Structures are given as structure tokens and as C-alpha cells.
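Chemist: Shown below is the structure under consideration.
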Amino acid sequence: MICTLTARRLRPGAYEAFREAWDPTRVRHDVLRQWTRIYHCRDVSDPDVVISFGLFDGSLEELREAQARLGRQSQVDRVDPQVEAVLLDGSFEVVEELVPEEA
């Protein structure tokens, strides 16, 4: 499992425009099928700080292929006008998963 993660500081009030520009749903569903979850999280103290991450069920090579089919660079170019700064961007291998026991 690979976690793709980008933390951004958006321009003030740009979340909705960012979200619309980021949206990959215009691509074929099979391109997204290996992402088990995709999240956008906004900082509770500063809603212009947004973390976007997804959990990709596959190898690094499969991830790179899926990102190419998705048009990752085009997506980055579309959201760029809404972004003040990229704070962190990368792909991270999930090495441990903790699942709290049910009470």
C-alpha cells in the first residue's frame, strides 16, 4: 500500500476552486480503481491549509502508471493558481497499520 500525500497552503478562500480543479472524476473509473480511499483534510485552525492523500493498493510502478493515465501533471497545473505554497508532496510506503480494537 502506498500513501500519496500533498499538503498545500491555498490562497485565501480558494478551497472550492481548488477542489473543482483537483477533481479527477472526469477520468475513466478504472484509472482510479487502485486507490482505496482519497481524502481532503482542512486544518481546523487554518482552513486554507489542505492535506490531500490517497491510499493506493499496488506497487510504486503501478502508481506511476496510474498517475500518468490520470494526468497527474495536468492536475497539478490546474490547481496551481489556487496554491500559495506546497508544504509537502510525496509517495510513502505504508509500513504499519494500526486498527483499534472494538470495545
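The values are calculated or read from the model by the stated rules, or taken from the named source; none is laboratory data. All values reported here derive from a predicted model rather than from experimental measurement. Positions of Cβ are generated from backbone atoms using ideal geometry, with glycine treated the same way; all protein chains shown enter the neighbour counts.
Chemist: Of T36, T6, which residue is under 13 Å from the mean Cα position of the chain (by Cα), surrounded by fewer than 14 Cβ atoms within 10 Å (Cβ to Cβ), on the phi < 0 side of the Ramachandran plot and hydroxyl-bearing (S, T, Y)?
Modeler: T36
Chemist: Tell me whether segment 7-23 contains one or more residues that are part of a helix (DSSP H, G or I), modelled with pLDDT under 95 and within 22 Å of V95 (Cα to Cα).
Modeler: Scanning segment 7-23 turns up no residue that is part of a helix (DSSP H, G or I), modelled with pLDDT under 95 and within 22 Å of V95 (Cα to Cα).
Chemist: Determine which member of the set I51, I38 is at pLDDT below 95, among the β-branched types (V, I, T) and touching a strand residue (DSSP E or B) at 6+ places or on another chain (Cβ under 7 Å).
Modeler: None of the other options fit; the residue is I38.
Chemist: Could I ask something else about it? Give the residues of segment 58-87 that are loosely packed, with under 11 Cβ neighbours inside 10 Å, in contact (Cβ under 8 Å) with a residue 40 or more places away in the chain and either closer than 24 Å to V31 by Cβ or among the charged types (D, E, K, R) (or both), sorted by residue number.
Modeler: none
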